[in-house]
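To keep things clear, I will list the structure first and then write my remarks on it.
The values are calculated or read from the model by the stated rules, or taken from the named source; none is laboratory data. Here the structure is a predicted model, which means the values were calculated and not measured. As a convention, Cβ positions derive from the backbone with ideal geometry for all residues, glycine included, and neighbour counts pool all protein chains shown. For the accessible areas, the whole protein counts, side chains as well, though only heavy atoms, and no ligand, DNA or RNA atoms are used. Shrake-Rupley method; radii C 1.70, N 1.55, O 1.52, S 1.80 Å.
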Amino acid sequence: MKKNSIIFLIMTLIFFGCTSGEVKNSQSGETKEEYYILKGINYVREGNYTKALKEYERAYQKNENNIITLKEIARTYVKLGEYDKGIYYYSRALKIDGKDQESLRNTGYIYFLKDDLKKSLTYINKLSPEGLNSETIKLKAYLLYKDKDFKGAYKNFKQILVQEKQLDLIYYKIYAELLNDMGKKEELRIFLEKQLEKYSSERDFIIFYSYAVGEYFGEYAQGEKEIKRYIVSYGGNDSLYMTLAYMIYNQKEYAQAESALKLVSYRERYNKDYLELEERLREKI
């Protein structure tokens, strides 16, 4: 689930393409080539990637070494799911400028989308400090974690998460796993409690926090307490009721867990997590 969330984020990051202003600034005076690029950008904004490609290819025929054209073609192919073609055109851009940060970064992103984590990390590592935005640093930390380089992952997470001003549950979950794997339980606890102070009114964080204190510290009663506090203050929903039932189940209060599970709406009762917990309760009651 975490990887799917990261993929969604990466797809968003890749499609921050160049602006029409950048195209105009890259050349002195409008040319046919520039005209085709601008038309392509407009088609991308409309979501018409096939037409955008046709315009970019016309620009490419005018000048095969225009790095903006190459990057726009690459980005559009990725949007169409043709990752290998995207890599090819980014590689063409890198032959023109081997230090082009966007091409290096997006090539790393594409290899991640292709599930080639080692090549993804190779390209991310080629970025200069100026080419590393916050999301790229977090991706690098994740890649290092998957590569079992816990110290490297920890260093990168610490670098960015201490500066983070917005809730980022995708990486909070990975960072919590990392701290647990490294045996840094006290640091994990401090991290969770500090975030709780900031995000006590954020439903998704409260669910994450409750699972974290339960799974990592066995403190399911604390998880139950926070879920109940949130429901009383802000109201409940199916995700909260499911989490509440799970917290109570793990305290072996099976009748109470069953009562909490009954709060889940009928439309969610075919959910995999619901069915699994329901089956567990049948075996206990």
Ranked output for segments 228-236, 248-256 by mean other Cβ atoms within 10 Å, highest leading, reads 248-256, 228-236
At a Cα cut-off below 21 Å, give the lysines reachable from residue 165, other chains included and same-chain residues fewer than 8 away excluded.
2, 138, 140, 155, 173, 194, 198
With a 1.4 Å probe and all protein chains left in place, how much of the accessible area of the chain comes from carbon and sulfur atoms, in whole percent?
47 percent
With everything on Cα atoms, drop me the angle between helix 238-249 and the longest principal axis of the chain, reported from 0 to 90° to the nearest 10.
50 degrees
Pairwise label distance in nanometres, residue 50 with residue 118, each label 7 Å out on the Cα-Cβ vector:
3.8 nm
Mean-square fluctuation maximum in Gaussian network of the chain, Cα pairs under 10 Å, restricted to 108, 40, 98, hits 98
In degrees, nearest 10, the alpha-carbon axis of helix 32-46 is tilted away from the dominant principal axis of the alpha carbons of the chain by 20 degrees
Note the angle between two axes, namely the Cα long axis of helix 49-62 and the longest principal axis of the Cα atoms of the chain, as a number of degrees from 0 to 90, rounded to the nearest 10.
30 degrees
Cross-link candidates for residue 85: which aspartates and glutamates have Cα within less than 19 Å, leaving aside residues fewer than 8 places away along the same chain?
55, 57, 64, 72, 97, 100, 102, 115, 116
Testing the spin-label approximation: label points 7 Å from Cα along Cα→Cβ at residue 271 and residue 84. State their distance in nm.
4.0 nm
Which lysines have a Cα less than 27 Å from the Cα of residue 284, not counting those fewer than 8 places away in the same chain?
225, 228, 252, 262, 272
Treating only the Cβ atoms of Lys and Arg (+1) and Asp and Glu (-1) as charged, compute the dipole magnitude of the chain about its Cα centre; round to the nearest 20 debye.
440 debye
For the range 29-143, with +1 on Lys and Arg beta carbons and -1 on Asp and Glu, the positive-most of 60, 87, 122 along the dipole
122
Specify which labelled value, from (1) 36, 20, 17; (2) 43, 21, 15; (3) 46, 22, 16, agrees with semi-axes √(5λ) of the Cα gyration tensor in Å derived from the coordinates of the model shown.
(3)
The answer for the chain, accessible area per residue at 1.4 Å probe in Å², is 54 Å²
The answer for residue 219, listing residues at least 5 apart or on another chain whose modeled amide H is closer than 5 Å to its amide H, is 214
With 0.36 nm assigned to each residue of separation and the Cα-Cα distance removed, residue 32 to residue 233 gains 66.3 nm
Could the peptides 84-94, 141-151 be put in order, highest first, of the mean number of other beta-carbon atoms found within 10 Å of their residues?
84-94, 141-151
What spacing in nm lies between the two simple spin-label points modelled at residue 204 and residue 148, each 7 Å away from Cα in the Cβ direction?
3.2 nm
